[in-house]
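Written below as structure tokens is the structure these notes are about.
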Amino acid sequence: MLNTQGTIRFSEHAILYDLLIPQDHKFRRFLSLVDFTFVYDELKCKYCPDNGRTAIDPVMMFKYLVLKAISNLSDEKLIERCRYDLSYKFFLGLMPEDNVIEASSLSRFRRQRLADTDILDLLLGKTVSIAKEYKLIDGKTIIVDSTHTLSRCTPLNQVEELQKSSKALRKMIYGVDEKMKELMPQKYEGTNLKKELDYIKELVKFVSEQPGLAVQENISEGASLLKEMVEDIEDHYTLSNDPEARVGHKSADTEFYGYKTHIAMTPERVVVAATMTTGEKGDGPELPELIDKSKEILPDLERVVGDGAYAGQNNLEKAELDKIKIVAKVNPRLLEGTDYEKQGFSYNKDADRLVCPAGHMSIGVDIIKDSKSGNDRIRYRFSRKICTLCARREECINGNSNRKQISYPIKTSQQEKQIEFMKTEEFQQWYKERYKIEAKNSDLKNNYGYDKAIYYGICGMKLQGAVALFACNLNRIIRLMDQKAEK
């Protein structure tokens, strides 16, 4: 049951707050800037209004999450610090002698109360409205970029995991009928992934065709598990205890396993919009959503500053429709005027490669002559090995080709216009502002624990990002207010 009435509390030890916590302490300023009662309105549907034991105050639980983002501590270490740190207790609304919650309560609050809530846009909207109220941002420009966050897990060796599960399934089958050993597909014990997948498919098919085995619940479950593992590998080429994490690329030679956060912030370094995706997603396709979210709270938006990943055809068309200028350098080897983006392919500007819908990066690039138009074309080639195993092979590759190849003209009319815009003084002036978002990404990773995910799955990443960006924005707003007061 949720109790929102509140009570007036007195303590003979409350004077310690006045003696030990300065008036300009950041937690005092946080409380003066933000009315945290908005948490009640957002989460009231998650609680029973008139039945059951009174729940722990959701405002206080949310403040615990803010403190976790600021301190970059585990749940247990955070609760331990809240027990003796008076500034933390003051921020939580506790009296000095009050006890703190159990760490498990914080975990349940995240899973049960914050799941399926649009908390990211809500928290960013709250901080941006504060920045606008104090006239700290002009609201006409956003800078966009993405930052990666490593998963809590690392990818597993596909062949080893498949062999481990297949051996367990065979052992269960031997327990039912030892004679089945002679009828089963020949075991594969090498390191070739394709051969292992072929063997697993034969083994699963064998189980499904044997009436005496298919009715065995444990054997049927083991076969289903193997089938799902094969589908996962063919879909995104990885296995992990974090099933939603994906392999992304920072360059042609470096990769990471986890998630991406796509950020839009003002030149004053206040984040106004963000989206979270799995690691293999490109930066460019997220720009339309970032623009739409930004325009909801910055209706006077005039320009977007970013790197070459945001100068794709779809984004140029979106900017023209919304009468927004894209301050991003066009790569002459980008696909413009064709439908590669509509097919789900995206451009990774760090590696200068295309990434397919399954998250695989092209391995080669060629410049070729187009005899029909006379214009140079660029061709990206994908891996034969990966294309052979990929679950999207049938819909992606036409004819008898053993791998995907994409070629397209280097320039289009939209790109030509963007190149002309790149020569203007306005472009040069605003493009110099792009470095600021690199500093913001570094700030999030170094000071708010954003270098590694603390939860599993994309929903957990959204929650982590929402609280981290909320705390980061509050700190930035206080800094801007101090700078304004000094002038």
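Table for the structure above
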| read-out | value |
| --- | --- |
| Distance between modelled label sites at Asp451 and Glu438, nm, 7 Å Cα→Cβ extension | 1.8 |
| Under the Debye formula (equal points on every Cα, no solvent term), log10 I(q)/I(0) of the range 15-117 at q = 0.10 Å⁻¹ | -0.29 |
| Stretch gain in nm, segment Lys167-Glu228, where the contour uses 0.36 nm per residue and the Cα spacing is subtracted | 20.4 nm |
| Long pairs among Lys385/Lys417; Lys126/Lys342; Lys195/Lys260; Lys187/Lys385; Lys46/Lys89, criterion Cα-Cα beyond 29 Å | Lys385/Lys417; Lys126/Lys342; Lys195/Lys260 |
| Estimated D of the chain in µm² per second, where Rh is the Kirkwood radius over Cα pairs and Stokes-Einstein applies at 10 °C, 1.306 mPa s | 61 |
| Calculated FRET value between Asn402 and Asp350, using beta carbons and R₀ = 25 Å, to 0.05 | 0.35 |
| 4 °C / 1.567 mPa s Stokes-Einstein diffusion coefficient of the range 158-236, Kirkwood radius on C-alpha pairs, µm²/s | 103 |
| Rounded Å value of the spacing that divides the Cα centres of the range 432-486 and the range 380-399 | 39 |
| Qualifying trypsin sites (Lys or Arg not before Pro) in the range 158-258, DSSP loop, other Cβ atoms within 10 Å at most 15 | Lys187, Lys250 |
| Proxy reagent accessibility, fewest Cβ within 10 Å first, across Leu225, Leu65 | Leu225, Leu65 |
| Estimated inter-spin distance, Lys187 and Ser74, nm [label 7 Å along Cα→Cβ] | 3.8 |
| Linear extension gain, Leu321 paired with Glu296, 0.36 nm per residue minus alpha-carbon span | 7.4 nm |
| Potential lengthening between Ile21 and Ala485 on full extension [0.36 nm per residue; Cα-Cα distance subtracted] | 164.9 nm |
| Expected-Rg normalisation [2.2 N^0.38 Å, Cα atoms] applied to the range 52-182 | 1.74 |
| Low-density loop cleavage sites - trypsin sites (Lys or Arg not before Pro) in the range 76-163, where at most 11 other Cβ are within 10 Å (DSSP) | Lys135 |
| Rg followed by Dmax, in Å, when the range 175-293 is reduced to its Cα trace | 22.0, 73 |
| Alpha-carbon centroids, the range 105-158 and the range 237-297: separation in whole Å | 12 |
| Low-density loop cleavage sites - chymotrypsin sites (Phe, Trp or Tyr not before Pro) in the range 72-166, where at most 15 other Cβ are within 10 Å (DSSP) | Tyr134 |
| Computed FRET value (nearest 0.05) for Tyr40 with Arg83, which takes r as the C-beta separation and R₀ as 22 Å | 0.30 |
| Over the range 359-487: Kirkwood hydrodynamic radius from C-alpha pairwise inverse distances, Å | 20.2 |
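Each reported figure results from applying straightforward, stated rules to the coordinates on display, with no laboratory input. What you are looking at is a predicted structure, and each value in this text was computed from that prediction instead of being measured. Reconstructed Cβ throughout: ideal geometry from the backbone, glycine too, with neighbour counts over all protein chains shown.
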